[in-house]
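Below is one structure, written out as structure tokens, with a few remarks after it.
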Amino acid sequence: MEKDQKLSNEKSLEIIQQMISQAKANISDNGLGWLLWGSMIFLASLSTYFLIHADAAEIYWGWNIFGIFTIIMLTYELFKPKKKAVRTYVDDLLRLVDIAFTISLFTVIFAINFAVTPNGGFGFFLMIFGFLMLIKGGAVKSKSLMIGAGVNWAGAIAMFVNKDFKYDMLIMAAAVLIGYIIPGFLLWRKYSRQKAGQIK
Amino acid sequence: MEFKELDPILHSQLRLAVVSLLISVREAEFTFLKEKTNATAGNLSVQINKLKDAGYIEVTKQFSNNYPQTICKITKNGIEAFEAYVNALQSYMNPGTN
């Protein structure tokens, strides 16, 4: 597109169509975020299960480490340089979803510490995880994330019904394995293949 | 039958391409526009200035990680002009329907 050529009407329409399709949001996810967060939650849940099983005095070590990790990651996210050459309306919408998710997460953490018992409160984590998985799964067209959303909501109900906190932790570990870790791995594999030019 | 006049600012291959790209996104860097339009930096820069002077786009120059960054964003006037341009094109393509 070098010279300022005279345009026919057909050519004008062609340019408009071509450019709009070029600018279409091509949302991708390398899956690493799901793998990283999923692994942390998975390990924190399992460690709590085993600490309860072992009658340990302090059972929340895993979650305390997870909390520190969360603060470090959120600070990094806030200050890391933004590299994208284009900002779409979908980008803005997904960013709002992330903000809403983070605020909801901290609201649940507050509730568990000050208002409800862990047994009554941890199910809310899976409820909001499912919310994030369905939206992000729809955005990146990941069936496994959308299935993960359903599994996490089912897990949330199971946790609300179950009265033994120890088993809540097992349910949570299973839910994040299916909802975070497996979809994260599949997204990472797809992204790696795309990068290597094997699939479009 | 009356044909609407085509906006001369938009009736140019590169300027129309830039506005068509910007209509679909919130904002875009100069490098993105250059890549998508396959234009040279010099030509693109000239056409962006013409669109800016017409009030169709906003251009912000800033530094990101010590690199200069030019960010373009369509204005309300730009959106209206683009819509009017598309309507005018339609009246040419389908005479009698408008």
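Taking only protein heavy atoms and a 1.4 Å probe, the accessible area of the stretch A:90-200 is 72% carbon and sulfur.
Among complete DSSP H helices in chain A, those whose alpha-carbon atoms stretch at least 24 Å along the helix's long axis and whose mean Kyte-Doolittle hydropathy reaches -0.5 are A:32-53, A:61-79, A:89-114, A:118-139, A:143-161. Surface exposure of the stretch B:13-88, expressed per residue as accessible area with a 1.4 Å probe, stands at 48 Å². Modelled spin-label separation between A:Ile99 and A:Lys11, with each label point placed 7 Å from Cα along the Cα-to-Cβ direction: 4.4 nm. Leaving ligands and nucleic acids aside, the A/B contact buries around 2800 square angstrom of accessible area in total at a 1.4 Å probe radius.
In deg cm²/dmol, rounded to 500, what helix-only [θ] at 222 nm does chain A give when every DSSP H run of at least 4 residues adds -39500 (n - 2.57) and the total is split over its residues?
My calculation for chain A gives -25500 deg cm²/dmol from helical runs alone.
Between the beta carbons of B:Asn43 and A:Lys84, assuming R0 = 22 Å, the FRET efficiency works out to 0.35 to the nearest 0.05.
Ranking B:Gln69, B:Ile23, B:Ala81 by Cα position along the charge dipole of the stretch B:13-88, where only Lys, Arg, Asp and Glu carry charges on their C-beta atoms, puts B:Gln69 farthest toward the positive end.
Residues whose amide H lies under 5 Å from that of B:Ile57, counting only those 5 or more places away or on a different chain, are B:Lys52, B:Thr75; hydrogens are built 1.01 Å from N in the peptide plane. Kindly identify residues of the stretch B:39-60 having a loss of at least 20 Å² in accessible area between the isolated chain and the assembly of all protein chains, probe radius 1.4 Å. Buried by 20 Å² or more upon assembly, which counts only protein chains, are B:Thr40, B:Asn43.
For chain B, taking the reciprocal of the average inverse distance between every pair of different Cα atoms yields a Kirkwood hydrodynamic radius of 14.2 Å. For A:Ile65, A:Ile112, the ranking by accessible surface with the largest value first comes to A:Ile65, A:Ile112, using a 1.4 Å probe. By the compact-protein rule of thumb, 2.2 N^0.38 Å, the alpha-carbon radius of gyration of chain A corresponds to a ratio of 1.30. The calculated FRET efficiency for A:Ile72 paired with B:Lys61, based on their beta-carbon distance and R0 = 51 Å, is about 0.95.
Accessible area, 1.4 Å probe, largest first: how do B:Tyr85, A:Tyr60, B:Tyr67, A:Tyr49 sort?
Numbers: B:Tyr85 0, A:Tyr60 70, B:Tyr67 155, A:Tyr49 35 Å².
So, going from the largest accessible area down, we get B:Tyr67, A:Tyr60, A:Tyr49, B:Tyr85.
Over the stretch B:13-88, what percent of the accessible surface lies on carbon and sulfur atoms, probe 1.4 Å? Carbon plus sulfur share of accessible area: 47 percent.
Normalised per residue, the accessible area of chain A is 60 Å², obtained with a 1.4 Å probe and no contribution from ligands, DNA or RNA. Rounded to the nearest 10 degrees, the angle from helix B:76-93 to the longest Cα principal axis of chain B is 40 degrees.
The values are calculated or read from the model by the stated rules, or taken from the named source; none is laboratory data. Fair warning: this is a prediction, and the values are worked out from it, not measured in the lab. All Cβ positions, even for glycine, are placed from backbone atoms using ideal geometry, and neighbour counts span all protein chains on display. Note: areas computed on protein heavy atoms with side chains; ligands, DNA, RNA excluded. Shrake-Rupley method; radii C 1.70, N 1.55, O 1.52, S 1.80 Å.
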